[in-house]
Each structure stands twice: as C-alpha cells, then as structure tokens.
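Participant: I have a structure I would like to understand better, so I am pasting it below and will then ask my questions one at a time.
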Amino acid sequence: MIKRVLGLGILVLLCLAAMHQLQVFGDGNARQADGQVQTSQPHTDGKAVNVTQDQIYQGNLVLVNKEYPVHKLGVQTDVVSVFRHKELVKGYGLLDNSVQLSERVAREFAAMVEAAKQDGVAHFIISSGYRDKAEQNRLYKEMGPDYALPAGYSEHNLGLALDIGSSKGEMGQAAEGKWLKQHAGAYGFILRYPKDKVAITGIQYEPWHFRFVGLPHSAIMQKNGFTLEEYLDFLKEKKTVSTTVNGESYEIAYYPVGKKKTIYVPANHPYEISGNNVDGVIVTVFP
C-alpha cells in the first residue's frame, strides 16, 4: 500500500511538473493566431497602383540578413527615444534610457504587453531596439558572427526589431518568453531566430529577438513555422494567397518589380505595400 501511495504521489508530481513546463496561456483576452492560408487569384481589375523599384526596399516585410543589407529607404522614419516618450512605456520596463524604436512598433508592443498582462504575465523589459551603425559594429565585435551581424546587415538597423527580456529570468525559461512564443504572432510580431532554423537564418537561437512584420503575416508565419526567409519564398512560389485572422479576411500577393510595375488592388479596401528587400513587393489587402 505504501509503495502504491508513493507511486501515485510521484505520478501527480510528474504531471504537475509537466503542466508547469508547458505553461499554456489562454485564460485572459489574448488573441489566437490562426493563419491558415489558401491560394487565390491576383486582381486584374480595380484600382491601378504604380510601384517603383524604390518600394522594394521599404516596409514591414523587408528581409535583412547576411545577404541582404538594410537599404537607406528601409530605415523607419518614426524612430524615437522610448525613454523620452513616457506615453509609449506602458506595462513594460526599459533596460536603460538609450532604447530607441519605431514609435508605431512601440505602440504595437504596448498593446501586446497589455494582452499578456490579462494572462498574468507582466514582467517585460525592452533591452534593445533601433541601433545605428556604430553601435551595431561595436556589438558585432563583442559577440561575433554567431550572435550578431555587422552594421547594415542587422534588423536592429531598421527600427522594426527589438530584444525583449524578463525581470524574472532568462527569456527561454521565463513566462514572458513562453507567452510570446505562443501569442506574438497574433499581434504582428515573430520570433526571428528560432532554435530549429539556424541553418536558414544563419543566427543562433535568440529567444529574446522579435521582429515586427504586422498582421496577417505574423499569424501565417507562426501557424506554419516559417522564418521570414521561408515566408517570403512561400509567397514568391504561391504568388497570391488568402487567409483569415481573428475572423477577418486578408489577401496577400507577391509581385516582382523591375524599374516600374502597375498592379491592381480592390478599390473599396485598404491595402499596404511592402518590399521584400530582394526583388519585389508584397501587397496586403485588408478587410
């Protein structure tokens, strides 16, 4: 009998440990990133939009890595000192007063952090955001090529990437890191350098490095386990896809761009054009 009781006790402890390890968040108001995609047909009528080669290098989806450097047109124009804009620092802390970030991205991050708070996760810190070339070069020399990229080849030079920490521990283990891994895609953010995609990204696993790409792209990427490299290749292959996120429908189309190209978008829907920083643009039609 004693052995049986001890066995049951050990089993209960193992189950509790497993539940703690999983730490599934969802009792609050956090969105869920659905992101199922279907292939569709490109628009051949509607509003005509002229796309120039400059637009290849601008937008939320520009790819920046060892092969494709930041173009001067790709740097966000709304980069601010977050410390000096107290209205942006809601629900999270800053490692120091030097953190800079796109104001738009900072607002999106604050909205995501507020959702995490509803799930009882509330110890986020931004340790780094936008970096100029001098700072990036210094970090590259300190950290080496496995964990950093030279100036001009880092997403931090865009203003769309941020390093997120937790005041409770290392991000790979902290509740903040686990919550982001589960929910970031529903708020426009992606874990940029996953553990199992080092061969694709060329950068070691960084559980703290997140990139803003916007909806619906982040939801699709999270659902399908795509890195940004893989997602852009996917769009290039499929040409046009549709998806539903949070009950709303989106259409996404890739277009190669030479010196100039005319594309067509629905006249009665908002849309956004982002370059891929390689050879074309992605047009997102919103609900």
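The values are calculated or read from the model by the stated rules, or taken from the named source; none is laboratory data. Bear in mind the structure is a predicted one, so any value in this text is a computation, not a measurement. Ideal geometry is used to build each Cβ from the backbone, glycine not excepted, and the neighbour counts take in all protein chains shown. When the accessible area is computed, the model is the full protein with side chains, heavy atoms only, and any ligands, DNA or RNA have been set aside. Shrake-Rupley method; radii C 1.70, N 1.55, O 1.52, S 1.80 Å.
Participant: Test of understanding: what is the full-extension gain from residue 170 to residue 244, defined as 0.36 nm times their sequence separation minus their Cα-Cα distance?
Facilitator: Working: separation 74, 0.36 × 74 = 26.64 nm, distance 3.37 nm.
Net length gain for the segment: 23.3 nm.
Participant: Okay, next question. Helix 228-238 against the longest principal axis of the chain: what's the angle in degrees, Cα atoms only, rounded to the nearest 10?
Facilitator: 50
Participant: Something else about it: So how do 269, 217 rank on accessible area, 1.4 Å probe, biggest first, that is with the largest at the start? Mind dumping the intermediate values first?
Facilitator: Working: 269 75, 217 5 Å².
These residues rank, largest area first, as 269, 217.
Participant: Right, another one. Check the straight Cα-Cα distances from residue 72 and name the lysines below 26 Å, setting aside those fewer than 8 residues away within the same chain.
Facilitator: Partners found: 133, 141, 236, 259, 260, 261.
Participant: A further question follows. Of the accessible area of the chain, with the probe set at 1.4 angstrom, what percent is carbon plus sulfur?
Facilitator: On the way: 7690 of 14520 Å².
Within the chain, the accessible surface is 53 percent carbon and sulfur.
Participant: So, one more: As I understand it, the value is the acute angle between the Cα axis of helix 103-118 and the longest principal axis of the Cα atoms of the chain; what does it come to in degrees, rounded to 10?
Facilitator: Helix 103-118 and the main axis of the chain meet at about 30 degrees.
Participant: Heavy-atom accessible area per residue, segment 152-287, 1.4 Å probe: how many Å²? Mind showing how you got there, number by number?
Facilitator: Numbers: 4950 Å² over 136 residues.
Spelled out: the 1.4 Å probe surface of segment 152-287, per residue, equals 36 Å².
Participant: What are the residues whose amide H is under 5 Å from the amide H of residue 280, where those residues sit 5 or more places off or on another chain and H is modelled from the backbone?
Facilitator: Residues meeting the criterion, in which the H sits 1.01 Å from N, are 257.
Participant: Given labels modelled 7 Å from the Cα in the Cβ direction, how far is it in nm from residue 73 to residue 259?
Facilitator: In this crude label model, residue 73 to residue 259 measures out at 1.5 nm.
Participant: In what order, largest first, do 138, 84, 104, 192 sit by accessible area if the probe radius is 1.4 Å? Walk me through the intermediate numbers first.
Facilitator: Details: 138 115, 84 195, 104 85, 192 0 Å².
Largest to smallest exposure gives the sequence 84, 138, 104, 192.
Participant: May I pose another question? For residue 90, tell me the accessible area in Å² from a 1.4 Å probe, rounded to the nearest 10.
Facilitator: 120
Participant: Given the protein chains as shown and a 1.4 Å probe, how many square angstrom of residue 215 are accessible, to the nearest 10?
Facilitator: Looks like 40 Å² after rounding.
Participant: If you plug each phi of segment 268-280 into the Karplus form 6.51 cos²θ - 1.76 cosθ + 1.60 with θ = phi - 60°, what whole-Hz ³J(HN,Hα) values come out, in order, with x for Gly and Pro?
Facilitator: Taking θ as phi minus 60°, the curve returns 10, 10, x, 8, 9, 10, 10, x, 9, 6, 10, 8, x Hz for segment 268-280.
Participant: While we're on this one: According to a simple spin-label model (label point 7 Å from Cα along Cα-to-Cβ), what is the distance in nm between residue 84 and residue 204?
Facilitator: 3.5
Participant: Place a +1 charge on the Cβ of each Lys and Arg in segment 84-167 and a -1 charge on the Cβ of each Asp and Glu, then give the dipole magnitude about the Cα centre in debye, rounded to the nearest 20. Walk me through the intermediate numbers first.
Facilitator: Working: 10 positive and 12 negative charges, 45 e Å.
So the dipole magnitude of segment 84-167 works out to roughly 220 debye.
Participant: If you don't mind, there's one more thing I want to ask. Counting only the heavy atoms of the protein chains, how much of residue 143 is accessible to a 1.4 Å probe, in Å² to the nearest 10?
Facilitator: We get 90 Å² for residue 143.
Participant: Related question: Give the residue from 280, 58, 183 lying farthest towards the positive end of the charge dipole for the chain; charges sit on Cβ (+1 for Lys and Arg, -1 for Asp and Glu) and the dipole is referred to the Cα centre.
Facilitator: Farthest towards the positive pole: 183.
Participant: Computed from these coordinates, which is Rg and Dmax of the Cα atoms in Å: (1) 21.8, 81; (2) 19.2, 56; (3) 20.7, 81?
Facilitator: Matching the structure shown: (3).
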